[in-house]
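Take a look at the structure below.
The values are calculated or read from the model by the stated rules, or taken from the named source; none is laboratory data. Keep in mind that what you see is a predicted model, and the values were worked out from it rather than measured. Cβ sites come from the backbone with ideal geometry, for glycine too, and all protein chains shown count toward neighbours.
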Amino acid sequence: MGIRAEDVKKAQERFAGRIHRTPIITCKSIDRIAGCQVFMKCEHLQKTGSFKARGALNAVQKVKDEQAIHGVGLAWAASQVGLPCHVAVPRNAPPSKMEAMMEYGAKLELCDSTVKSREDTCARLAEDLKFYVVEPFDDPNVICGQGTIGAEIIEQLPDIDAIFLAVGGGGMASGVVAYVTEIRPDIKVFLVEPEGKDLAAYLKRGELTAERDVVDTIADGIRVLKIGKYCYPILKACADNIITVTDGEIRAALKLIWTRTKQRVEPSAAVPLAGLLKASPSHLGLKKVVLILCGGNVDLDFIP
C-alpha cells in the first residue's frame, strides 16, 4: 500500500476532536544559536505525551469492530473506542511509560528488548486471544495517522524551508515525508538518527549487516535499528538528507530545550535540534525550519 496525501487527510478527519492540534513554539535564544528561525512542533503535548497517539487512534478506529493489540498511544486509543488492549513491552522499558499504559487499561506482556521477542509475543497473543495486531510503526494506518503532523505543520506554517525529525522505526518519518513530498515538494525533510543506526547506508544498500536489533542510545524512543517494510520505499528518497548525532549532541540539545524553552521533553525529542545544530542551517541555505518534538514521556530517574 502506498501512502498518499489523501489518506493522511482522511486520518485527520477520522480522529478530529480526539487529537490535539499541537502548538508550535519559538525561542529567540535557540534561533541565535542555530542561526535561523526555529519553530518547534509540540507533540510532547499531544494526548499520551507523544505523537504516537495519532497513528494508534487512526489504526484502532479503522479496525474498531475487531479486537486490538504497541505502547502508551495504543493503550489510550483502545480506551477511546472501548477495545481491550495488550501491549508487548520490553522488560527494560522506562517505568513511566509502563505506568501510563496500565493507567489507560492495557495489560502488559513483558518480553525481551529484541524485535523477534516482540513479534513472537504479539503473534502468540493474536493467536491465543484472537486479537488484531497493530504494529508500532510498520502499519499503513499508523503511518497515515503520524503523517497528520506534516499536514498540521503546513497548515500552521506554510512558508517554511525544512522539517527536522527523529527517525526510529520510521512510522512518523514515513507519514510526514509521504505527505510533505506530495503536497509541498519544495520543503526539505531531514531525518536525524542516533549514532550506530547507519540509516543512509541501509537505504542505499537495501539490507542490514548488523546482527543487533537496537541502537545503544539515550534516546530510548528511537532505539529500534531497522525501519519497517512500508517505511523503506518512502524514506529511500531521503537517503541524502540524513544527519547522525551522538549521545553527547543529544544531551546538549536536550539541555537547551529544557533550559531555554522550559519544555520537559524526552531525549528522542531533542534529536532534531541536535541534527539542526550539527548540520549548520546557513550551509544548507535554510532560514525557517520546524523541529518535531516527538514526546515528553520522561523517565524521572533519567539524568541527562
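Please find, within segment 169-198, the residue that is farthest from I153 (Cα to Cα) out of those that are under 12 Å from the mean Cα position of the chain (by Cα) and part of a loop (DSSP other than H, G, I, E, B).
G169
I'd like the residue in segment 9-33 that is within 18 Å of V290 (Cβ to Cβ), among the hydrophobic types (A, V, I, L, M, F, W, C) and in a helix (DSSP H, G or I) and, out of all such residues, is farthest from the chain's Cα centre (by Cα).
I33
For segment 132-147, does any single residue satisfy the condition of being in a helix (DSSP H, G or I) and under 26 Å from A279 (Cα atoms)?
yes
Considering only segment 280-297, state which residues are outside any loop (DSSP other than H, G, I, E, B) and surrounded by fewer than 22 Cβ atoms within 10 Å (Cβ to Cβ).
P281, S282, H283, L284, K288
I'm trying to understand the selection: among the residues of segment 11-44, which are closer than 24 Å to G175 by Cβ and of a type in the set (K, R)?
Within segment 11-44, R14, R18, R21, K41 qualify.
Please work out which residue is surrounded by the most Cβ atoms within 10 Å (Cβ to Cβ), limiting yourself to segment 68-91 and to residues that are out of contact with any Cys (no Cβ under 7 Å at 6 or more places or on another chain), more than 14 Å from S50 (Cβ to Cβ) and modelled with pLDDT under 85.
Across segment 68-91, the extreme among qualifying residues is C85.
For residues that are more than 15 Å from the chain's Cα centre (by Cα), in the same structural domain as T246 (by TED's automatic domain parsing) and of a type in the set (D, E, K, R), tally how many sit in segment 258-304.
Going through segment 258-304 one residue at a time, the tally reaches 6.
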